[in-house]
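See below for the structure under consideration.
All of the numbers you see were taken from the coordinates with simple rules; none came from a lab. Since the structure is predicted, the reported quantities are computational estimates derived from the model, not experimental observations. Here the Cβ positions follow ideal geometry from the backbone for every residue, glycine too, while neighbour counts run over all protein chains shown.
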Amino acid sequence: MKNLMGLLLAFIVIWGGLSAGMSRLPVPASVGEPQHRLLLFLCLGCYIFLASSLSRLLISEVVKSGSRQLAGSLLMTFLLFVPTAVLSRGMALPPPIVAGVQTALLLFGATVFGAALSTAVKRVGELVPLCCTAAIADLTSVAFGPTSIMAADISSYYTGGMVGPPPLVDSIILKAGMPGYTVPVPLFGVTDWLLVSLLSASLLRLQKSDNLLPQKSTAWVPAFFSASAMGLYAGLVIAWTANVFVPAMVAIVLAFLALLVWRYDVFRKLEKSDIAYCFILPVCVAVAMLLFSHYKMSI
C-alpha cells in the first residue's frame, strides 16, 4: 500500500509540475503557426511518454498487490479527485497546476483500474476480440452514442469562449499545460488511458511487453513507450492536424494489434472462440449503441 501511495504522490508531483512548467514556457512572437504546432506535438509526445513510463511503474506494482490494496488506492484517488474537480469547476479558468493534479489523479485511477481488469486475460489471443470490441464501441459511440453528445458539449464549450462552468464531462478529460496557452489543453478521455493500461498490463501478466523502446531504464522512471500509447499519440496528432475528431480507441487498437502481429504472430494463436468473439461482441456493442441512439431521438 505504501508503494502505491508513493506512486500516487509521484503522479501528482511530476504531472502537475510539468503541466505548470509547460504553460510558462514563452513562445516568441516570431514563431509562426507551423513551428508552434510542431512544438505542441513535441510537448504532447513528452506528456504521453511520461504517462506511459509512470503507468508502467504503477502496473508493475498493481500486478503484485492484493485486491484490498488496490481498492484502498482507488478510494484514496477518488477522495482526492472529488475536491480537486469541484475546485476546478468553481474556477472560471483553472490554472494548469490544478488541471495537472486532476489529470494525474485520473491517470493513476485509470491505470490501476485497467491493470486490475487485466486479470481476466489468460492468453494473447484473447486480446484480439477485446481490441475489436473496444474499437467498434468507440466508433459507434462517436457516431451516434454517448461520446457524440459529450464531444459536442466539450467542443461547444472550448470553441465558444469557455463561458460559464464547463460541462460535467470535462471533469474526466485529461488536460495539460502547453506553451502559448494560458488555460489547460484537453488531451484525451480517461477511458482511452484505461484501455492503454489494460492492454499493457495484460501483456505484462503474460510475461510479454508492448514497449517500443529498448529494454533499459533510468535510475527511477523506466523508459517505456507502449504501442498503445504510440497509437494514442498518432491519433491525437492526426486530430489536431486535420482539426477532426478521431476515435482514440481505434488508433490505440490499430497500433497494439500491429505490434501483436509483428512481435508475437498473434493471428496464428487465435482459437475458434477468439474468432467468434471478434464478431459477436462488436455486434452486441453496435446494437446497444443503436438502441441508445433510438432512445435518444425518441425523448
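In table form, for the structure just shown:
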item	result
Length-normalised contact order of the chain in % [C-alpha pairs under 8 Å, at least 6 apart]	26 percent
Among 271-277, 73-79, the order from most to least packed when residues are scored by Cβ within 10 Å on average	73-79, 271-277
The stretch 149-293, relative contact order in percent, only Cα pairs under 8 angstrom and at least six apart counted	13 percent
Backbone HN-Hα couplings from phi across the stretch 21-34 [Karplus 6.51/-1.76/1.60, Hz, Gly and Pro as x]	x, 4, 5, 8, 5, x, 10, x, 4, 6, 6, x, 4, x
Charge tally in the Cβ shell below 12 Å around Pro179, where Lys, Arg are +1 and Asp, Glu are -1, Pro179 excluded	+2
Karplus 3J(HN,Hα) series, Hz, for the stretch 110-123 with 6.51 cos²θ - 1.76 cosθ + 1.60 (x for Gly, Pro)	5, 5, 4, 5, x, 5, 5, 5, 5, 5, 6, 8, 10, 9
The stretch 234-240 - phi-based ³J(HN,Hα) in whole Hz, Karplus 6.51/-1.76/1.60, Gly and Pro as x	4, x, 5, 4, 4, 5, 5
Hypothetical label at Leu74: residues of the stretch 103-129 whose amide nitrogen lies under 13 Å (7 Å Cα-Cβ projection)	109-120
15 Å beta-carbon shell around Ala255, net charge (K/R +1, D/E -1)	-2
Under-5 Å amide H pairs with Phe188, H placed in peptide plane, nonlocal only	Leu174
Burial ordering of Thr159, Thr133, fewest other beta-carbon atoms within 10 Å first	Thr159, Thr133
Shape category assigned to the stretch 28-141 from the gyration tensor of Cα positions, a/c cut at 1.5	oblate
Extension reserve of the Thr119-Ser67 stretch, reckoned as 0.36 nm per residue once the Cα distance is removed	17.6 nm
Rounded, prolate or oblate (a/c below 1.5 giving rounded, otherwise prolate when a/b exceeds b/c) for the stretch 1-89 by Cα gyration tensor	prolate
Nitroxide proxy distance, nm - points 7 Å out along Cα→Cβ at His36 and Tyr181	1.2 nm
222 nm mean residue ellipticity, helices alone, for the chain (DSSP H n ≥ 4; -39,500 (n - 2.57); rounded to 500)	-24000 deg cm²/dmol
Cα shape, the stretch 74-145, gyration tensor, a/c 1.5 rule	oblate
With eigenvalues of the C-alpha gyration tensor scaled by 5 and rooted, the chain, Å	29, 24, 20
